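Below is one structure, written out as structure tokens; comments come after it.
The values are calculated or read from the model by the stated rules, or taken from the named source; none is laboratory data. This structure is a prediction, so every number in the text was calculated from the model and none was measured. Note that we place each Cβ from the backbone using ideal geometry, even for glycine, and neighbour counts take in every protein chain shown.
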Amino acid sequence: MHPSGKTYSDRMQSSPPSRTSERATAYLHPGQLWVSADSYAVTTILGSCVAVCLWDPVTEIGGINHFLLPSFSGEGIASPRFGNIAIKELLDQLAHLGSQKHNLLAKMFGGACVLEAFRQRQHHLGTKNIEIAQELLKSESIPLVGHDVGGQRGRKLIFHTDDGTAWVKPL
Amino acid sequence: MAARKILIVDDSETMLQVAQMMLAKEPYDLVIARDGAEGVARALETNPDLILMDVMMPKMTGFEALRALRSNDKTSAVPIVMITTKAEAESIETGYASGCNEYIVKPVDSVELLAKVRSLLGD
């Protein structure tokens, strides 16, 4: 139970969430974020990419990112395609909508290593993406209350911005 | 060790050139094909280590080529990255069901492309 007194469900549901049809829907492309105080079912597809979902049970505001690469190192353009920027921007946008960081709860998905041959390697792209998200959430003191990361298969993720629930389907 | 071979399958000359430019500084042997059917033929003939596959192409789409490659023992385990438009990305679930390993959304970013290529080649 969260200090707010509200329960935050981190169960992976076995079938698509039934209330999705009552919500507006959005599709999140790699490198994008979606933050809203309204009720949205946000869908995204993840391979080695990682999505961090943050939800504030007090304001019932939620947001999700989908990043491809762990950290911006000065090469290319700084954008939410990089985990360190995507997580900071997600936090900034939630704060802008009135969310307090100390109320936030996190879920994390993705980071697959799709090839059997490289599964034993500690630093393939998916692992690096998972690690940067874990590290940044820890440094921001945001509890990780649900996750489905790593493994061999891509994932379809649906995240509800209004109640923080998530549904994951292996692809 | 022989240079790793990457097969780029795309009907757009511009996209082929862009991908080749992005990978030019890397020690990869690049092979190209200009439609899905040629992509399957070139894959069987050249045994690439990785395939970058466009989706919408004449003769055979990228998804059809993907299924053909996955059903052939010679190419069933080759990493395949689908290169999609934003609209096509929303149906990439089909690509995963057919056996793609990753996808990249156009416009292709060189940092992202190189990171995924290196990761899939185990570099």
So B:I92, is it closer than 18 Å to A:L125 by Cβ, buried (at least 21 other Cβ atoms within 10 Å of the Cβ) and in contact (Cβ under 8 Å) with a residue 24 or more places away in the chain: no
Those residues of segment A:62-89 which are touching a strand residue (DSSP E or B) at 6+ places or on another chain (Cβ under 7 Å) and either more than 14 Å from chain B (Cβ to nearest Cβ) or outside any loop (DSSP other than H, G, I, E, B) (or both), in sequence order: A:G62, A:G63, A:I64, A:N65, A:F67, A:L69, A:F82, A:G83, A:A86, A:I87, A:E89
Residue among A:Q152, A:Q134, A:Q93 that is farther than 19 Å from A:G47 by Cα and out of contact with any helix residue (DSSP H, G or I) (no Cβ under 6 Å at 6 or more places or on another chain): A:Q93
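Name the single residue that is farthest from A:G62 (Cα to Cα) among those in segment A:153-171 being more than 10 Å from chain B (Cβ to nearest Cβ) and part of a loop (DSSP other than H, G, I, E, B). Before you say what the answer is, go through the steps one by one.
To start, the set of residues in segment A:153-171 that are more than 10 Å from chain B (Cβ to nearest Cβ) comprises A:157-168.
Now restrict to residues that are part of a loop (DSSP other than H, G, I, E, B): A:161-165.
Working: A:T161: 4, A:D162: 6, A:D163: 8, A:G164: 6, A:T165: 10 Å.
Out of the qualifying residues, it is A:T165.
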Selected residue (criterion: surrounded by the most Cβ atoms within 10 Å (Cβ to Cβ)) from residues of segment A:102-146 that are at pLDDT 95 or above, out of contact with any Lys or Arg (no Cβ under 9 Å at 6 or more places or on another chain) and not in a helix (DSSP H, G or I): A:L104
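So, in segment B:61-84, exactly how many residues are under 14 Å from the mean Cα position of the chain (by Cα) and without any contact (Cβ under 8 Å) to a residue 40 or more places away in the chain?
Here is the first cut: in segment B:61-84, the ones under 14 Å from the mean Cα position of the chain (by Cα) are B:61-70, B:75-84.
Subsequent filtering for residues that are without any contact (Cβ under 8 Å) to a residue 40 or more places away in the chain retains B:61, B:63-64, B:66-70, B:75-78, B:80-82, B:84.
So the answer is 16.
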Tally of residues being surrounded by fewer than 21 Cβ atoms within 10 Å (Cβ to Cβ) and closer than 17 Å to B:R34 by Cα across segment B:64-80: 2
Subset of segment B:95-123 (residues that are surrounded by 15 or more Cβ atoms within 10 Å (Cβ to Cβ), in contact with a helix residue (DSSP H, G or I) (Cβ under 7 Å, 6 or more places away or on another chain), facing chain A (nearest Cβ under 7 Å) and within 14 Å of B:L50 (Cα to Cα)): B:N101, B:E102, B:Y103, B:A115, B:K116, B:S119
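Kindly indicate whether any position in segment B:29-48 is within 13 Å of another protein chain (Cβ to nearest Cβ), more than 17 Å from A:L46 (Cβ to Cβ) and of a type in the set (D, E, K, R). Show your work before the answer.
Filtering segment B:29-48 for residues within 13 Å of another protein chain (Cβ to nearest Cβ) gives none.
No; the residues of segment B:29-48 include none that is within 13 Å of another protein chain (Cβ to nearest Cβ), more than 17 Å from A:L46 (Cβ to Cβ) and of a type in the set (D, E, K, R).
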